[in-house]
1. Could you tell me whether Thr262 is modelled with pLDDT of 95 or more and within 23 Å of the chain's Cα centre (by Cα)?
2. I need the helices (runs of 4 or more DSSP H) fully contained in the range 1-118, keeping only those with at least 1 residues that are of a type in the set (Asp, Glu).
3. In the range 156-191, which residue that is at pLDDT below 90 and not hydrophobic (A, V, I, L, M, F, W, C) is farthest from Gly275 (Cα to Cα)?
4. Here are some residues: Val233, Val227. Which one is touching a Gly at 6+ places or on another chain (Cβ under 7 Å), closer than 22 Å to Leu298 by Cβ and of a type outside the set (S, T, N, Q)?
5. Residues Ala59, Ala88, Ala50, Ala38: which one is among the hydrophobic types (A, V, I, L, M, F, W, C) and open to solvent by less than 10 Å² (accessible area, probe 1.4 Å)?
6. On the basis of being in contact (Cβ under 8 Å) with a residue 24 or more places away in the chain, closer than 22 Å to Leu148 by Cβ and either open to solvent by less than 70 Å² (accessible area, probe 1.4 Å) or aromatic (Phe, Trp, Tyr) (or both), does Leu170 make the cut?
7. Where in the range 243-303 are the helices (runs of 4 or more DSSP H), entirely inside, with at least 3 residues that are open to solvent by less than 20 Å² (accessible area, probe 1.4 Å), within 22 Å of Phe370 (Cα to Cα) and not hydrophobic (A, V, I, L, M, F, W, C)?
Amino acid sequence: MLTALKNYATPPSPLARRLSVQSLLFASGDGAFLAGSAVFFTLVVGLSLAEVGIGLTIAAVASFIVAVPMGKLVDHFGPKRMWTLSAALQGMLFLAWPFIDSFPEYVALAVAMEVAGTLGGTAHGAYVIDILPPAERVESRAYLYSALNVGFSIGAFLGGGAIAFGTDVLRWSPLVSAVLFLLNSAAIPRLPDASHDVRSSEPRVKPEGIPAIRNRSWIAVTFFTGVMWTNQVLLHTVIPVWLVTETDAPKVLVAVLFGTNTVMCIVLPRLASRGIRNVETALRAVRLSTLFFVLTCLVTLATHETTGWMTIVLFFLGHVVLTWAELFLSASGWTLEAELMDPRRRGDYQGVSELGGTLGRFWAPAAYGFLAMEWGALGWLTIAAIVVVAAAGLHKSAHAGRRFLEQHVPADVLADARASEPEHVDAAVSQEPLPMEPDAPLPESTGDLHR
């Protein structure tokens, strides 16, 4: 039993171990600021909640606008370089937060942070798909997802501690995030080169293949995936408000439910990802995610009529079920994005993914809040129906996306990028030290790992 648990907690490969360090650093730095950001903006910067919301909306619009250009930058300069640049930029921008004291300065810095974060997210996604051997991709990304949630938990603890010590400490708390991001920017270059990072003596040329923005099936995949990711709107917004305003459950239960979700997202991603290796198995996970989402809506709806311990039990059950919807959707997404992207234009496809995903979910907080609070039972059933329709659309668009790639991408390129039997890991890679070790040598490029 102990051996099985140890094996489950062990990274799938040395490369996954090294990437998990980056996930931990990023999430700890990001979480440390996010956990106290609302209090920071109101008490330190002196903004109203309305101004905070306006600034975040403007920043989100900026991220939407730059998503596709950032993907092209990643393809042109290489994902690891752009990931490093993004981490360094965000680290330096965090240094500016303690000196912000007006709404215009807040908006400018929020936009800059969001643009740099969009570059980093696009680059990181392209790098991870590029560098991980196809057969190990899903399991490794599940491990990184666990590391990410551990990091956010650490960050939330740091951010909460800063709030507890008062505004003087809170003002300088972004420096913790700055240090962690700058450490990450120093560690990323020590990772192996992905295929798109390999330098050559010839000048870079425009990537081969049709631009992602012209692949309508990929836009549809990312849009419907974005709709399905509105499970996070239920998790973070609708269910907590429903609990407080529409049931007799104790308000402290909200914190317990968030804790349950966090623990499950740390412990269970590798379990949820088992057996997901291609489009068909990914769509099976989508169906499971949809089923759990619908069950969440039905269970939460029932709490309107229950009292006492029954309400508490139902909320706990609903949160467990909703977390499984999140876990299965994550596992399916790691496979679908790898299988349905043109391997020659991964940065481009990541940028369009940000675009489509945003279109799929930006409307949900207002719509779901209205449906649940104003329509009651019919509203919850409508929310469930929206996700069922999205799952059906995702199935159709995923199959269309596979046909698109088979028509427009050389067969050998597609075959090498698909998941297959595990490959032998090069001994030199398996013996690479952690990226933070001071004497770690820069690894030699492994060349084109996937094609």
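The values are calculated or read from the model by the stated rules, or taken from the named source; none is laboratory data. The structure displayed is predicted, hence computed values, not measured ones. Here Cβ is always computed from backbone atoms with ideal geometry, including for glycine, and neighbour counts include all displayed protein chains. For accessibility, only protein heavy atoms count, side chains too; no ligands or nucleic acids. Shrake-Rupley method; radii C 1.70, N 1.55, O 1.52, S 1.80 Å.
1. Values: modelled with pLDDT of 95 or more: no; within 23 Å of the chain's Cα centre (by Cα): yes.
Taking the combined requirement at face value, the residue does not satisfy it.
2. Working: elements: 2-9, 14-34, 49-77, 79-94.
It comes to 14-34, 49-77.
3. Result: Asp168.
4. Going through Val233, Val227 in turn, the sole match is Val227.
5. Working: Ala88 fails: open to solvent by less than 10 Å² (accessible area, probe 1.4 Å); Ala50 fails: open to solvent by less than 10 Å² (accessible area, probe 1.4 Å); Ala38 fails: open to solvent by less than 10 Å² (accessible area, probe 1.4 Å).
Among Ala59, Ala88, Ala50, Ala38, only Ala59 is among the hydrophobic types (A, V, I, L, M, F, W, C) and open to solvent by less than 10 Å² (accessible area, probe 1.4 Å).
6. On the way: in contact (Cβ under 8 Å) with a residue 24 or more places away in the chain: yes; closer than 22 Å to Leu148 by Cβ: no; either open to solvent by less than 70 Å² (accessible area, probe 1.4 Å) or aromatic (Phe, Trp, Tyr) (or both): yes.
So Leu170 fails the test.
7. On the way: elements: 253-267, 269-273, 279-302.
The qualifying helices (runs of 4 or more DSSP H) are 279-302.
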